[in-house]
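As structure tokens, the structure follows; a few thoughts come after it.
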């Protein structure tokens, strides 16, 4: 362009104007690029924040304890009732014999997670032969110690403002010097349910809850969505009822998700009496929410099958139903599946309607079925995000990373399927 | 015992019926000298036999499953011994809860032994009903299957019957959309009407103060509660406006740039990246807004001497705007693509630069579609829940200052409904009234948007 208007036969005035016009275009292009860059920069900022906050949650601080399983503790018949905390406290006292005074001792005992005693209990119940022996085991540290080991505690602040006191820092230093404290892979995070203590909290219960919910959603919304799409695309006569259905579907696709939660609360829970907080009712609500998405995708997919296929089938004597089910549907299936996966990904990330139907309860037990109370992964994120402990911020970010990993996998699968099975006519 | 296997049993019986019908039609065909003498294929006869029993059985099963709690509850309430009789509905609900917990083996320690007895009775009633229903379903299936089995003959138009049934099922599936809308309307409408009986609709729509806390006892101070929703509407409007101020320019500019100026390579990279923004769950945005953006804005405000609330409308609106960018940009992209190439070519032919073509030809031609897309985006901003629940305030503040904390319709619905609920108090019912307003508002926006978009699209087709 530049070369052309240098040789332009037109007047200087014209060239000046032309230059201005191109400058305006340049400014506009710059504006466009900066808009995109703004959005992408924000995306990068978000992901970096989440990852830098959350990656440390995959490792957890463990402390080595030499526990003497004294016989005197296990006097009673019931192994579950023994005072395991006393074992831990004694082990700590032996390690730091010069700690005097009740307060100092309590601080010292508080440095080990309250989950440690259950760990001991499980050990003894598995193998009662341990009683009377001395074992060296690794137990999880309290979340404050964990935060300190990960460098989140600012030791330059005055002592009263810190979660870790000078004395505790000294003890930790002793552990570090003796190689008795270290960061290990955090298995608890992937295998346990929610907990009030960040060091014991895990996402497995929420993942399972989400899984059960999505199974219901998929089992209901896929067949129903495909059936509805087939009817509307292949059979529906052009009349008022059909257009009413179409308007309804388009509208439902844009209704705020929280409204579906209200529907679930009023009809599924209060009217039908389905138990609250269960994957069953969550799945029903998410089914209604994802149906429009699936119907719209399935219809687009049916539309893309050329009419010649239908005409050929009808021409050799197939009935309308046979044409659709034997010829059109198999060709449209990849597109339908892609749309379904995307709908499922949406359902997996959805939180608001689940809050309405009580899936926000604090649930420690890992759900074992469709009618057990359960949380879902995004709801777990919401719950943890509300917790004040610094340890939960880390866990929240880590849970978000897990959720995003699921979503990325599902969307990648959808893209792969679209590429692999795409038919160009 | 039969009951827990009822559903699989129904399916099993249907499979058996299919096989029966299938083999009977084959036998008839053999007698007549081959399948060609049958009206339909053997599998159509099989399917007809199976569906004859299956559909009514499933229908009864579904109806029973959805009403059984209500029926059994009503029976047990009417049979309660004198010692347990209670006055109100709320107490009844508590009692039922106790009974059900005992039945499920989760009874609280030290509870009334009378409850144990009632729980036994409850179990008995429930099991009796289940027996009756199972028997009805199985007998009905057997009868209908036999009937259709007997009806099989070489002239029976089994395919037409089966196809008619399939078509009806397909139609019913698509009618679920209407049922859903109906369900939404009914569920919010009834509770809202109950709410408006307690709180006049004028006070709700035009009242200036919102504090839904109702006292438990009538004589407590400040027991009345206030249900004026104007501060909530104002807060919703403010956050949505901030979001749109971010989303419209950024979304529109990136759509125009990507479709008219960018080279193919840049487009194939940038477009999916932008769409990632739409795929991130809103709870993640909420966490990000509350933990990163809000403190950042507060600190920045403090740096230049402004006092910013830690749950400022600005933070929630800004993050919500980012979330809506891909929504605006992909909808605008669609309409810009729908502008015919001839319009562009005409403009270039007259000597316009690319920018001038965009500014004077494409943008005006695409404007109705863009407006429709923006309306859809607004409805999404208004109905967005998680970002505002996590990053916006709870107190209803009537203010025009985006640096203060405001609350929104969705935040109030969530706070009113999460936790313990009592379905007679205006506090809970208010959530449904807010839901009704939200539903009507978004419905109108969507209707207008769809109308505008559709009308525009027809111009070039």
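Shown here: region A:246-342, whose C-alpha atoms stretch 53, 24, 23 Å along the first, second and third principal axes, sorted largest to smallest. Counting only alpha carbon atoms, the long axis of helix A:116-126 and the longest principal axis of chain A meet at about 80°.
For the pair region B:356-404 / region B:138-164, the C-alpha centres are spaced 57 Å from each other. Counting Cβ atoms of other protein chains within 10 Å of each Cβ in B:248-254 and taking the mean gives 5. Shape class for chain B: oblate, because the ratio a/c of the largest to smallest gyration tensor axis (alpha-carbon atoms, square roots of eigenvalues) is 1.5 or more and b/c is at least a/b. Can you give me the orientation-averaged projected area of the convex hull built on the Cα atoms of region A:107-185, in nm²? Result: a mean projected hull area of 6.3 nm². Restricted to Cα atoms, region B:226-457 shows a radius of gyration and a Dmax of 20.2, 70 angstrom. Normalised by the number of residues in chain B, the average gap of Cα pairs under 8 Å and 6 or more apart makes the relative contact order 16 percent. Each principal axis of the Cα cloud of region A:43-137 was taken in turn, and the coordinate range along them, longest first, works out to 60, 35, 20 Å. Binning the alpha carbon pair distances of chain A at 20 angstrom intervals from zero yields the distribution 19, 37, 27, 14, 3, 0, expressed in whole percent. Take the Cβ atoms of residue B:131 and residue A:45, set R0 to 60 Å, and the FRET efficiency comes out at 0.45. Rg and Dmax of region B:3-156, based on Cα coordinates, read 23.4, 76 Å. Within 10 Å of the Cβ of each residue in A:265-272, the mean number of Cβ atoms contributed by other protein chains is 6. Working ranking of peptides B:436-447, B:287-298 by packing, defined as the average number of other Cβ atoms within 10 Å per residue, highest first, is B:287-298, B:436-447. Evaluated on region A:2-55, the Kirkwood hydrodynamic radius is 14.3 Å, with distances taken between all distinct Cα atoms. Entry note, region A:315-413: relative contact order of 27 percent, from Cα contacts under 8 Å with a spacing of 6+ residues. Counts of other chain beta carbons within 10 angstrom of each beta carbon in peptide B:180-193 average 5. Semi-axes of the equivalent ellipsoid of region A:58-192 are 27, 18, 12 Å, computed as sqrt(5λ) over the eigenvalues of the C-alpha gyration tensor in descending order.
Put simply, when A:144-151, B:319-326, B:197-204 are sorted by average Cβ atoms within 10 angstrom per residue, most first, you get B:319-326, A:144-151, B:197-204. If you look at the Cα atoms of region A:204-421, you get an Rg and a Dmax of 19.7, 70 Å. Using the Kirkwood radius over Cα pairs, work out the Stokes-Einstein diffusion coefficient for region B:1-70 at 4 °C and 1.567 mPa s, in µm²/s as a whole number. In µm²/s, the coefficient rounds to 96. Taking only Cα atoms, what is the 0 to 90° angle, nearest 10, from helix A:329-349's long axis to the longest principal axis of chain A? Between the helix axis and the principal axis of chain A, the angle is about 40 degrees.
Descending by average beta-carbon neighbour count within 10 Å, the peptides A:360-369, A:384-393 line up as A:384-393, A:360-369, the highest first.
The share of Cα pairs per 10 Å bin across region B:242-321, counted from zero up to the longest distance, runs 17, 36, 28, 16, 2 percent. Summed over qualifying helices (DSSP H, 4 residues or more, each -39500 (n - 2.57)) and divided by its residue number, the protein assembly as shown shows a 222 nm mean residue ellipticity of -22000 deg cm²/dmol. Semi-axes of the equivalent ellipsoid of region B:123-201 are 42, 25, 7 Å, computed as sqrt(5λ) over the eigenvalues of the C-alpha gyration tensor in descending order. Using R0 = 41 Å, the C-beta based FRET efficiency linking residue A:320 and residue B:142 works out to 0.80. When Rg and the Kirkwood Rh are both derived from Cα coordinates, the Rg/Rh ratio for the protein assembly as shown amounts to 1.02.
Once the Cα atoms of helix A:279-303 and of chain A are each reduced to a long axis, what angle between those two axes, in degrees from 0 to 90 to the nearest 10, is obtained? Value to nearest ten degrees: 30.
What is the distance in Å between the Cα centroid of region B:51-71 and that of region B:258-283? Using only Cα atoms, the two centres lie 48 Å from each other.
Look at where the Cα atoms of region A:348-363 and of region A:150-221 average out, and the two centres are 23 Å apart.
No value in this document is a laboratory result; all are computed from the given coordinates. Computed from a predicted structure; not experimentally measured. We place every Cβ from the backbone using ideal geometry, glycine too, and count neighbours over all the protein chains shown.
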